[in-house]
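Here's the structure we're looking at; comments come further down.
The values are calculated or read from the model by the stated rules, or taken from the named source; none is laboratory data. None of these values were measured; they are calculated from a predicted model. Don't worry about glycine lacking a Cβ; one is built from the backbone with ideal geometry, like all the others, and counts go over all protein chains shown. All accessible areas refer to the heavy atoms of the entire protein, side chains included, with ligands and DNA or RNA removed. Shrake-Rupley method; radii C 1.70, N 1.55, O 1.52, S 1.80 Å.
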Amino acid sequence: MREQWRAVLLLVRTAWRTDPWRSAGLLLEPISFLRFPLFAWFLGFMVDGALRHDARLLATGAAGITATRVLWFLGRWTGSWIRNRLTEEVGFALDREIASLSSGLPGLEHHERPEYQDRLEMLRQQQGVLGSSLNTLIYTGNTVVTGVSTLAALAFVSPWLLLLVPFALTALPIAAVQQRWLREAEGLSAPLHRRARHLQALTVDRGAGMELRVFGLENEVLDRFRHAAAEAQRPVLRVARRGALLDAAGDLLFLAGFAGAVAFMLWRARQGQATAGQVVMAVYLAQQVRSGVVEPIRLAGFLGEMLRAAGRMLWLQDYAREMSAARAGTVAAPERLVDGIVFDRVSFRYPGTDRWALRDVSLRIPAGSVVALVGENGAGKTTIVKLLSRMYEPTEGRILVDGVDLATLEVGAWRRRLSAAFQDFARFEFAAQHTVGAGDLARVDDRPSVRAALERAGGGHVLDTLPGGVDTQLGARWDGGVDLSTGQWQKLALGRALMRMDPLVVFFDEPTASLDALAEHALFARYAREARSGTERGAITLLVSHRFSTVRSADLILVISGGGVSELGGHDELLRHGGLYAQLYLMQANAYQPDAEPVAP
Ligand SMILES: Nc1ncnc2c1ncn2[C@@H]1O[C@H](COP(=O)(O)OP(=O)(O)OP(=O)(O)O)[C@@H](O)[C@H]1O
Ligand SMILES: [Mg+2]
């Protein structure tokens, strides 16, 4: 319950912050929701006025009814106008907040834990729902005004008329039963729905589209889709029929109560205890009792569900606050490296897993060095990159940057000293200029810099193939957009990594997997030369590659296996050592020269 109140408060606060005038204007709408008792009351005046030939009473009734209609019209019109605008604004404000909170999370843990992922996914899916929940909140308030005022007016005529309420309340168990049936039916259809959605997605998916055509599967998939969709509908249709019957039974029950109320009022009139006007008023109000009682309760249930979406927003706010506090290093990031980076007994497990991705790693990366990480798939190379860029924190041990614990450095400032081409590089579908320029936001529009970075990345020719040069919109789904091959995207990502002028640590995590070995070697040999010539800042280059022709030019090679460093040294030293590195190197060297004699260390 406390959560729900927090959610209500969140909505109200956001509305007030977004648009205080409209928020205040909303208070006008509930007044117009007094229309039923007011209308019934003035109708009673008119009836009594007509029967008693009392022109004043008649005129008061007529004027009252007109005023009630006008009030209703104005209240509804301005209310819904204000409400629509406000809920839209609040929806946008909250959607913006979701985007800013989730992209501002300091690490990546939320992508790993299923329960976080589910909540984030639900929040993303329910964008817009948060705005509507404000609408529902206000509307629920309005129906409460209608319900309470209707019952109060009935009690004013005769408290006995409130006996109609239990008849109206039968609608609630009926709705509960219908809801349960519906949930069960939805549970039955869910797997079929999922299947139908999957099949439908196949028909519009580009990758699947190629296989559908090659294997002639279009009709087969369409048939399966139609079948699954029809099957998924079946249980829901069945309960809809049963639900309609139940509704009819509930209606009959209320009708019986209503008939009793009418009979009771007629009896009172005969006894001289009620005027004709009061009879009309009571009959008019009695027919509103059902919706007057049931609507607020029904909407409150609905509101509860909507508030759960707002509750998830609160969760995200709390989580973001917690994570930022946990990562709130305060030490300024260094301007240059003197000693280097030290891993001091670092172990790491991905959140939600119990396998060590890195176990007890201790090593020193000297300032100014070009370091290569090699190892089999899944050895832990990318994990080292992620720890150094503080996407995660070590589970045990420390990483020291010039003797200072990396965890104490201000995370944003540290990241501004990095640059990276990640293995899972992003495909920013912007104009090519910005896709590359994003690597150094300050120079995002600087054409010569983008061109130079791309040239260094060996991707200058990608620009030449684009119809509008650097201004070409990338991504086929945009107007005039051009799609690129995986290798071309990768070159742009590499260009992005070369945009920052003076990074202290640069990661290249297999950024050239789609280049041939010779091109990759040439690229990194040139880059390593550049990196070494700028050693006054002590910058470190960390290169992950499976290609030993590239790796061998590094100053220091770390062989990662099974989450630990198994060998460490220069190329010649490791070959002499005759361990895993030598073995893998020779295997690859021989594979490139199948007819050649095995290369001896
Ligand atoms: N997000 C994750 N959640 C859970 N486990 C992960 C995650 N990412 C990686 N792992 C696991 O951690 C281990 C190390 O993975 P890592 O990505 O560091 O390997 P890698 O050496 O970079 O491999 P590759 O050469 O294939 O890129 C692997 O066993 C992998 O299954
Ligand atoms: Mg990797």
Over the Cα atoms of the chain, how large are the radius of gyration and the largest Cα-Cα distance (Dmax), in Å? 35.5, 122
If ligands, DNA and RNA are left out, what is the accessible area of E109 with a 1.4 Å probe, given in Å² to the nearest 10? 20 Å²
At 1.4 Å probe size, what's the solvent-accessible area of V462? Round to the nearest 10 Å². 0 Å²
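Would you mind counting up the charge near I341? Only other residues with Cβ under 10 Å from its Cβ, with Lys and Arg at +1 and Asp and Glu at -1. Intermediate values should be presented prior to the final figure.
Numbers: positive: R364; negative: D339, D402.
That works out to -1.
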Any chance you could list P(r) for region 425-502, counting all Cα-Cα pairs in 5 angstrom bins from zero, rounded to whole %? 4, 19, 32, 28, 13, 4, 0, 0
Relative to the first principal axis of the alpha-carbon coordinates of the chain, what is the inclination of helix 276-286, with its axis defined by its Cα atoms, in degrees from 0 to 90 and to the nearest 10? 20 degrees
Collect residues whose amide H, placed 1.01 Å from N in the peptide plane, falls under 5 Å from the amide H of R52; neighbours closer than 5 in sequence don't count. none
Accessible carbon and sulfur surface of region 425-502 relative to its total accessible area, %, 1.4 Å: 53 percent
Calculate log10 I(q)/I(0) of region 311-462 for q = 0.10, 0.19, 0.20, 0.21 Å⁻¹, where I(q) comes from the Debye formula with a single equal point scatterer on each Cα and nothing for solvent. -0.48, -1.30, -1.33, -1.36
In what sequence, largest accessible area first, do E97, E29 appear using a 1.4 Å probe? E97, E29
As a test question: what accessible area, to the nearest 10 Å², does D440 have when a 1.4 Å probe is rolled over all protein chains in place? 30 Å²
GluC sites (Glu not before Pro) within region 280-389, DSSP loop, no more than 12 other Cβ atoms inside 10 Å: E335
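Using the heavy atoms of the protein chains alone and a 1.4 angstrom probe, what is the accessible area of region 209-289 per residue in square angstrom?
Working: 5080 Å² over 81 residues.
Value for region 209-289: 63 Å² per residue.
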With a 1.4 Å probe and all protein chains left in place, how much accessible area per residue does region 425-502 have, in Å²? 46 Å²
Exposure rank, largest accessible area first [L266, L575, L580; 1.4 Å]: L266, L580, L575
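Could you work out the relative contact order of the chain, using alpha carbon pairs under 8 angstrom and six or more residues apart, expressed as a whole percent? Walk me through the numbers on the way to the answer.
Numbers: 897 pairs, mean separation 83.5, N = 601.
Relative contact order, the chain: 14 percent.
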S449, S291, reordered so the largest accessible area comes first (probe 1.4 Å): S291, S449
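What part of the accessible area of region 265-306, given as a whole %, is carbon or sulfur when the probe is 1.4 angstrom? Each step should come with its number before you reach the end.
On the way: 1140 of 2050 Å².
About 56 percent, which is the carbon plus sulfur part of the accessible surface.
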Within the under-11-Å Cβ sphere about R195, not counting R195, Lys/Arg +1 and Asp/Glu -1 give a net charge of +2
Scalar couplings 3J(HN,Hα) for region 299-309 by Karplus 6.51 cos²θ - 1.76 cosθ + 1.60 (θ = phi - 60°), nearest whole Hz, x for Gly and Pro, are 5, 4, x, 5, 4, x, 5, 5, 5, 4, 5
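Would you calculate a helix-derived [θ] at 222 nm for the chain, using -39,500 (n - 2.57) for each DSSP H run of n ≥ 4 and dividing by the full residue count, to the nearest 500? All intermediate terms of the calculation are to be shown ahead of the outcome.
On the way: 23 runs with 375 residues, N = 601.
The helix contribution divided over the chain gives -21000 deg cm²/dmol.
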How much net charge surrounds M499 when only other residues with a Cβ under 15 Å from its Cβ are counted (Lys, Arg +1; Asp, Glu -1)? +4
